[in-house]
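These notes are about the structure you will find just below.
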Amino acid sequence: MIEENLKSLIEICGLNIGDFDPVKANKLYLQADKMRGKENWKKADTLIRQAIECNPYEFRYWTLFGLCLNNLFREDDDLFEQSQAVFDYTMGSIDFDGMNRFVEDLKAFEELEEKSATNLQEGRWVQAEKGFKELLEIKNNHHEAFRNMLDANLDVSKDFMYWNAIAISVKNQGRIDEAEEAFRKSIELNPKEVTTWYFLANMLADNDRFEEAEAMYREALKLDSKSSRIWCDFGSCLANQGKVAEAEKPFRKAVKLDPSDKSAKELLQRCLDFLGK
């Protein structure tokens with residue numbers, strides 16, 4: 001049942017509340033937030049209104065709606081009353097102590113993220129692993145608004161990036177099974193990230209699991225067929241399985257895409273010599 005103050009606000013804003021559909025509402029909210037990032041306030045306003053009509057109970061929807069109205073009422077006097085009403089509602093609902101804690105938590109999270117990334121870049125694998133695992137734990141245990149803020153304006157959650165970092169960290173500590181598990185978790189979260197497929201393929205190939213690696217390279221190439229490096233490593237994977245004739249095409253593709261790649265040229269030549277061409 002909608003509270004009286006919320007019911008009054010809905011009426012002032014001319015909203016027509018329909019069937020409760022939080023999934024649709026969230027999709028509309030994300031689209032509206034993208035429009036906000038592009039400063040397309042009219043489009044953002046239209047989308048966030050639709051989101052609220054599917055789910056009027058989500059505070060962040062009203063916050064974004066208020067932001068839209070604040071940028072539009074200067075052009076349309078009829079929106080001033082709506083803007084004021086939404087402002088009063090959102091400000092009256094804010095827990096300022098909670099907001100301060102939120103800002104502090106967000107700052108601490110970003111500092112840990114930066115430190116963990118530095119550890120990864122500088123090869124401090126144990127510290128990097130610990131940091132990225134802690135980031136995932138903090139994020140997953142925090143409330144929804146915190147997670148939404150971290151993933152704002154992204155098509156997918158950043159979690160897959162943390163799993164990739166964990167995979168790289170544990171791989172360099174010699175824990176291959178754990179690294180594979182982490183890479184596969186990353187793929188589960190974002191199957192469209194080509195680097196994850198490629199990193200997993202390389203790791204499998206380095207451990208003589210060429211047949212499995214071949215399948216991963218093929219997935220990577222579906223996502224990026226313009227990478228000379230992936231074509232070259234794919235060719236090596238085929239050659240290591242005795243599929244030298246099949247390897248010729250990937251090596252040629254690699255050289256065509258990057259004629260300056262000496263490694264690809266050398267591997268192609270070895271392949272051709274082996275085949276007597």
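The values are calculated or read from the model by the stated rules, or taken from the named source; none is laboratory data. If you're wondering where the values come from, they're calculated on a predicted model, not measured in any experiment. Here the Cβ is made from the backbone with ideal geometry for all residues, glycine too, and neighbour counts use every protein chain on show.
Here are the numbers for the structure shown:
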{"item": "Every residue from the range 3-32 that is surrounded by 14 or more Cβ atoms within 10 Å (Cβ to Cβ), without any contact (Cβ under 8 Å) to a residue 24 or more places away in the chain and among the aliphatic types (A, V, I, L, M)", "result": "Leu30"}
{"item": "Identity of the residue in the range 216-248, surrounded by fewer than 16 Cβ atoms within 10 Å (Cβ to Cβ) and under 33 Å from the mean Cα position of the chain (by Cα), that ends up farthest from Lys192 (Cα to Cα)", "result": "Lys226"}
{"item": "Hits in the range 148-171 (condition: crowded, with 16+ Cβ neighbours inside 10 Å and more than 11 Å from the chain's Cα centre (by Cα))", "result": "Trp163, Asn164, Ala165, Ile166, Ala167, Ile168, Ser169, Val170, Lys171"}
{"item": "The range 38-56, subset assigned to a helix (DSSP H, G or I) and acidic (Asp, Glu), residue farthest from Leu79 (Cα to Cα)", "result": "Glu53"}
{"item": "Tally of residues being aromatic (Phe, Trp, Tyr) and under 19 Å from Met203 (Cα atoms) across the range 219-277", "result": "2"}
{"item": "Selected residue [of a type outside the set (S, T, N, Q), closer than 30 Å to Lys133 by Cα and touching a residue at least 12 places away in the same chain (Cβ under 8 Å)] from Glu180, Glu212", "result": "Glu180"}
{"item": "Evaluation of Tyr61 against (1) farther than 30 Å from Phe183 by Cβ; (2) in contact with an Asp or Glu (Cβ under 9 Å, 6 or more places away or on another chain); (3) modelled with pLDDT of 90 or more (one fails), failing number", "result": "(2)"}
{"item": "Among the residues listed as Lys139, Lys133, the single one being of a type in the set (Lys, Arg), at pLDDT 95 or above, over 30 Å from Lys265 (Cβ atoms) and not in a loop (DSSP other than H, G, I, E, B)", "result": "Lys133"}
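Every residue, every condition in (1) assigned by TED's automatic domain parsing to the domain that holds Glu137; (2) within 23 Å of Asp155 (Cα to Cα); (3) in contact with a Leu (Cβ under 8 Å, 6 or more places away or on another chain); (4) among the acidic types (Asp, Glu), yes or no:
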| position | (1), (2), (3), (4) |
| --- | --- |
| Ile12 | no, no, no, no |
| Ile17 | no, no, no, no |
| Pro22 | no, yes, no, no |
| Ala25 | no, yes, no, no |
| Tyr61 | no, yes, no, no |
| Asp77 | no, no, no, yes |
